[in-house]
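Engineer: I have a structure here, written as structure tokens, and I will follow up with some questions on it.
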Amino acid sequence: MTPRPPLRAPVPGVAHRFTAKLLSWSGTFIQALSRGKIESAVGVTIGAVWVLSAPLFLICSLADFLDGGSDYLALFITGAAVEVAGLLVVRISRFPSSLPISRLFTAVVCGAAAALVAVTAAHLATGVTNQLDVALVEAAATITGTNASTINPEMLSLGMLLFRAFGQWLSAAAIIIVLVRVLPHLGVGGLDADGGVATRSARRLAPRSGSTMARLVTLYVALTGLLAIAFLLAGMPFVDSVVHSLTTISSGGFSTRLGSIGSFNSGPIEWVAIFGMFVAGISLPLIFRAMRRGDLHRFVRSVEFRVYLGLIAIVTLAVLAWSDGLPTATTIRYATFFAVSSISTTGHLAGDLASVSFGGEALLLVLMVVGGMSASVAGGFKVMRFMVLGQYIGRELRRSVHPTAVEKIHLGRSSIGETALARIIGELFLATMLLVPTVLVFSADGLDIEGAFTFAVSVMSNVGVAFGDFGPQGHLQAVGPIGHLSAALLMVIGRISVTPVLVALGAVGEPAQSALRRWRMTKREVVVR
Amino acid sequence: MRRVAVTPVRVAGAALIAIASAMAISAAVALADGGGGFGGLFWSAIITAFVGAGLFFGSGVSPSSDSALAFASVAWSWLAVSVAGAMPFLLTGVIPWARFDDALFESVSGFTCTGSTILSDFGSIPQGVLFFRSMIQWFGGMGLIVLAVAVLPALGIGGLELIASEAPGPTVDRLSLRVRDTARRLWLLYGGVTLLIAVALSAVGMSIYDAVSHAFTTVATGGYSPYGDSISHFDSFAVEVVLILGMLYCGANFSTHWHAVTGGIGAYRRVSEIRWYLWLIFSAFGLLIWVNAGELGWLQNIRESLFYAVSLGTSTGFGTSDYIAWMPAAQVILLVLMVVGGMSGSTAGGMKVLRLQVVFRYAFRELVRARHPRAVVPIRLGQTTIEEQVAAKVVGFVLLYLGLIVAGGVVLTGLGVDPVTGFSGAISALGNAGPALGDAGPTNNFLVFPRAGRTVLMALMVFGRLEVFPAMLMLVAATRGVAQARRRRRLGHAALKE
């Protein structure tokens, strides 16, 4: 590869400077606090998540108070409790001097778990639900950006609505941070922004990961703002615009209404939502580069983007072709909406999803599995990983004719290492292995076969909308507590990939493992003697 | 006579001759039974033998031989045989000429040991044709080319590659130094087991005709039965026990069986795949009992759960009851069994247990590597270590297999089949199981799929039986052959000009 030209100076602008300041300030704050006795990355992460997420509770509490809602006190108290708990945890722990990879995995997973606990507490405290399993799955849907819920959003207070929407938005922002800061060290194939299978669209933007992060987060904030304005201009009320812009750009999918975007019955609003979801599925670094130089050709040059766009186009056409009647402006809009909502794993609804033909349904499910581009906030397995898998299959086919051939896999102009390849494949297999028992649990817990399968896939890709006898959103309601728990687990696993979760779990069982190994060794020694 | 040096043609000719013998035997059965169908079967045998002999003696073996050629030979001969196998159905009038694709479906479903049928009124079909139907499964089970290598003196292409590209599983065991001996031993064992099952079945009360037909399809893990209601026709526990044992035996690796027969039972202990195979089937059995506990009576539950766990775990597809009425969870378990299938080197279909093992180890290794990025972890199956190249091939196969399931399911649903029937149909066809879920359960036939959908299923069956790669490479080899011929002609032109 030719050496890259030096990057230009950071983008000037108030927003960017503000975000950078905010990010660095929170980092310094946590570092200043964490001077405790126990050397534990897990402690610092949990504490940091709680300390930094508590302001959200307070803001939502304030909004609820101004609106005259009933949840402000509960939110305030939960927020205060989370803040105090976070401060305590951070205070007693210290960032370790060396950090083995398994600990880093554990820290990431525990960070997610901490967020889960905080959001569950908020759901229970505000009385949105009084069942632990429901609260847990709602919290999981919030922090993973899945549009699966048993709660009617129209019954929620403004505070809770904002809380859930901001929860989805913030956790997607956290994903960006993890993407830039942590994943390069973990090397979860194909997800990280600059390690593993880096392609040109997803390589670091600046020499320091801190400024890369600030740029991406600024972009994310700016996109959210633009989308909110667009929603407003399209005729959506103010609060709805805010909530929908937050949940659309984060590919979350929560809505203020039971019928999601479709209940506004407005073409312009739906087109804005389509555009927002489409953007949510694009690699953020790619958008950043294209925007900075005003060079839209960058999109065209990105292979992954072309495939992403092509998939949307093909499925939209197929959904239209396999439906009854000739396409009209409305059916075209709905078909596009379905396709974009599926591939960006947002899960917004408009039009009648149940009216899609069987073939269209299958294709939408495939899109859900594929998910957005790598280094985007969307869930799913990611377009790039599937492109790599396709190339891998092709290579193996060629190899069975020419067994001694040595071939590298290329994606655009960059080649992909064998290690990254193995990681991607391993990840796919692990995900499939997790999916099968979950389908079994769902089908044993009250869903029909189609519903169980599509719901499991949809939940793992963080979409939330599924097919079958229960309508697009009735699945979570139809399953019992075990189904709720497995759905929550699958959402979290789908969001942060299978490998980190399993490695973290393995690290928990490490003492037991080493004890077993020692026992085995002694046994073998006895045999040798 | 000038011989064309095209290996695939010669191999296809050999396979056709084998099938002609099956037709002749079935004609004899039809004659003895007196239920009609003799003429059709007889003429099919004549035509097939004639064409087969023409192809076999009219062609020679290409001077060069590589794996692509072996793949192509297998694939083309299967194509030829499938077409020939459709002939008796058409000539006897069991399936009208206008529905020739259905005859092809029945033939392909037979040779690939799938067992999906489009026949409905079994009472009116001549016994000879039904016998032929069972017999093509028997031939398809161990593989026609393995048979041809074993029996025909002058096939002329040696090498394990040819057998390996037909035999199920990523590797083939060399039972003897000579390929022909390996093939002979496999077929000897295969025939012996068939005889044993036939004797056992007649001992528990089946007529000889039924016993032989069912033995054919059991040992091939095919699943055709001369009765519309399959095994429930007999309603006999003893018959089911014999069939369960037979299916379990034939879903396991035949090379291991050979080692066990010659070298004692200890051979099984050395193979880790067999533990996985049994563990998989019996844990599915346990789960089925648990899920069905509230639905069926105790004895019936154990009987049906065991039968279906074995029948679908070995991709046979015999039926004793309608599992479509079971709980959704039970059907999901059956679907998983259909995907995995039996052991490698057996007559069973599916992805194969060995590949599942490799995939498990592969995924597990990635977990270990995620924690210890510099670790070197070999993929071990029991005592043996799998080479990276083989592991990569297995992984590629599994990915392609999953991809084909999705593609097949999407196409079928696109043709208007409901998702459960469509996807389970694709899984069942690719895994050569037979029955599917939804509308295509064990008591229904495959006419529920639209005509175009049945063609898709046929392709999937062949892909599944030939383990995907040969079928795909058949096309590659064909295009390569054309390209070579073109190049040669161009060279010839250039030489002329000079």
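The values are calculated or read from the model by the stated rules, or taken from the named source; none is laboratory data. Worth saying up front: this structure is predicted, and the values here are computed from it rather than measured. Please note: Cβ atoms are built from the backbone with ideal geometry, for glycine as well, and neighbour counts cover all protein chains shown. Quick note on the areas: whole protein, heavy atoms, side chains included, nothing else; ligands and nucleic acids left out. Shrake-Rupley method; radii C 1.70, N 1.55, O 1.52, S 1.80 Å.
Engineer: State all residues of the range A:269-305 that are without any contact (Cβ under 8 Å) to a residue 24 or more places away in the chain and among the aliphatic types (A, V, I, L, M); if no residue qualifies, say none.
Structural biologist: Residues satisfying the conditions are A:290, A:296, A:300.
Engineer: Here's something else I'd like to know. Mind listing just one residue for me: the one in the range A:439-452 that is open to solvent by 10 Å² or more (accessible area, probe 1.4 Å) and either within 14 Å of residue A:484 (Cβ to Cβ) or more than 8 Å from chain B (Cβ to nearest Cβ) (or both) and, of those, modelled with the highest pLDDT?
Structural biologist: The extreme case among them is A:441.
Engineer: From the list A:486, A:414, A:443, A:458, pick out the single residue that is out of contact with any Phe, Trp or Tyr (no Cβ under 6 Å at 6 or more places or on another chain) and within 26 Å of residue B:368 (Cβ to Cβ).
Structural biologist: Just a single option satisfies the conditions, and that option is A:486.
Engineer: Can you name every residue in the range B:411-425 that is assigned to a helix (DSSP H, G or I) and surrounded by 23 or more Cβ atoms within 10 Å (Cβ to Cβ)?
Structural biologist: B:412, B:413, B:419, B:420, B:421, B:422, B:423, B:424, B:425 - these are the residues of the range B:411-425 that are assigned to a helix (DSSP H, G or I) and surrounded by 23 or more Cβ atoms within 10 Å (Cβ to Cβ).
Engineer: In the range B:363-381, how many are within 13 Å of residue A:425 (Cβ to Cβ), open to solvent by 70 Å² or more (accessible area, probe 1.4 Å) and more than 10 Å from every other protein chain (Cβ to nearest Cβ)?
Structural biologist: Result for the range B:363-381: 0.
Engineer: Enumerate the pairs (first residue in the range B:221-241 and under 15 Å from residue B:134 (Cα atoms); second residue anywhere and open to solvent by 50 Å² or more (accessible area, probe 1.4 Å) and of a type in the set (D, E, K, R)) with beta-carbon separation below 9 Å, excluding pairs fewer than 6 apart on the same chain, so at least 6 apart or on different chains.
Structural biologist: B:228/B:121
Engineer: Moving on to the next point. Keeping to the range A:343-361, report how many residues are open to solvent by less than 10 Å² (accessible area, probe 1.4 Å), under 25 Å from the mean Cα position of the chain (by Cα) and within 14 Å of another protein chain (Cβ to nearest Cβ).
Structural biologist: 1
Engineer: Here's a check for you: in the range A:381-412, which residue that is more than 33 Å from the chain's Cα centre (by Cα) and open to solvent by less than 40 Å² (accessible area, probe 1.4 Å) is farthest from residue B:71 (Cα to Cα)?
Structural biologist: This residue is A:405.
Engineer: Mind telling me which of the residues A:487, A:466 ends up being in contact with a His (Cβ under 7 Å, 6 or more places away or on another chain), over 30 Å from residue B:373 (Cβ atoms), of a type outside the set (Phe, Trp, Tyr) and crowded, with 22+ Cβ neighbours inside 10 Å?
Structural biologist: Matching residue, one of A:487, A:466: A:466.
Engineer: Of the residues B:79, B:91, B:31, which single one is under 30 Å from residue A:398 (Cβ atoms), open to solvent by 20 Å² or more (accessible area, probe 1.4 Å), more than 14 Å from chain A (Cβ to nearest Cβ) and of a type in the set (A, V, I, L, M)?
Structural biologist: B:79
Engineer: Considering only residues of the range B:444-462 that are open to solvent by less than 30 Å² (accessible area, probe 1.4 Å) and within 21 Å of residue B:401 (Cα to Cα), which is nearest to the chain's Cα centre (by Cα)?
Structural biologist: So the residue we want is B:461.
Engineer: Do we find a residue being on the phi > 0 side of the Ramachandran plot, open to solvent by 10 Å² or more (accessible area, probe 1.4 Å) and in a loop (DSSP other than H, G, I, E, B) anywhere in the range B:341-352?
Structural biologist: yes
Engineer: Within the range A:130-148, can you find the residues that are surrounded by fewer than 22 Cβ atoms within 10 Å (Cβ to Cβ), in contact (Cβ under 8 Å) with a residue 60 or more places away in the chain and part of a loop (DSSP other than H, G, I, E, B)?
Structural biologist: A:131
Engineer: One residue is enough: does the range B:307-320 have a residue meeting the conditions over 29 Å from residue B:381 (Cα atoms) and among the hydroxyl-bearing types (Ser, Thr, Tyr)?
Structural biologist: yes
Engineer: Moving on to the next point. Would you call residue B:422 within 12 Å of another protein chain (Cβ to nearest Cβ) and small (Gly, Ala, Ser)?
Structural biologist: yes
Engineer: Oh, and also: Pairs under 8 Å by beta carbon, first residue more than 25 Å from residue A:176 (Cβ to Cβ) in the range A:219-237, partner hydrophobic (A, V, I, L, M, F, W, C) and open to solvent by less than 20 Å² (accessible area, probe 1.4 Å), six or more apart or different chains?
Structural biologist: Here the result reads A:234/A:269; A:235/A:269; A:236/A:269, each pair linking the range A:219-237 to a residue that is hydrophobic (A, V, I, L, M, F, W, C) and open to solvent by less than 20 Å² (accessible area, probe 1.4 Å).
Engineer: Follow-up. Which of (1) free of Cβ contacts under 8 Å to residues at least 40 places away in the same chain; (2) open to solvent by less than 20 Å² (accessible area, probe 1.4 Å); (3) away from chain A (no Cβ under 12 Å) does residue B:428 not meet, given it meets every other one?
Structural biologist: In the conditions (1) free of Cβ contacts under 8 Å to residues at least 40 places away in the same chain; (2) open to solvent by less than 20 Å² (accessible area, probe 1.4 Å); (3) away from chain A (no Cβ under 12 Å), residue B:428 misses (1) alone.
Engineer: OK, next. Here is a list: A:494, A:394, A:474, A:480. Which entry is under 17 Å from residue B:402 (Cα atoms) and either free of Cβ contacts under 8 Å to residues at least 12 places away in the same chain or of a type in the set (Gly, Ala, Ser) (or both)?
Structural biologist: Within the list A:494, A:394, A:474, A:480, the selection yields A:394.
Engineer: Test of understanding: among A:527, A:503, which residue is open to solvent by less than 20 Å² (accessible area, probe 1.4 Å), modelled with pLDDT under 85 and not in a loop (DSSP other than H, G, I, E, B)?
Structural biologist: None of the other options fit; the residue is A:503.
Engineer: Give the number of residues within the range A:389-436 that are at the interface with chain B (Cβ under 8 Å from one of its Cβ atoms) and not in a helix (DSSP H, G or I).
Structural biologist: 1
Engineer: Now a separate question. Residues B:380, B:365: which one is part of a strand (DSSP E or B) and in contact (Cβ under 8 Å) with a residue 12 or more places away in the chain?
Structural biologist: Matching residue, one of B:380, B:365: B:380.
Engineer: While we're looking at this one, here's another question. Select from the range A:72-110 the residues that are free of Cβ contacts under 8 Å to residues at least 60 places away in the same chain, small (Gly, Ala, Ser) and touching a helix residue (DSSP H, G or I) at 6+ places or on another chain (Cβ under 8 Å) and write down the one among them that is most open to solvent (accessible area, probe 1.4 Å).
Structural biologist: Here the residue is A:81.
Engineer: Another question, if that's okay. Would you tally the residues in the range B:389-414 being within 8 Å of chain A (Cβ to nearest Cβ), under 23 Å from the mean Cα position of the chain (by Cα) and small (Gly, Ala, Ser)?
Structural biologist: 3
Engineer: Would you check which residues across the range B:110-137 are closer than 13 Å to residue B:225 by Cβ, in a helix (DSSP H, G or I) and of a type in the set (Ser, Thr, Tyr) and list them?
Structural biologist: B:134
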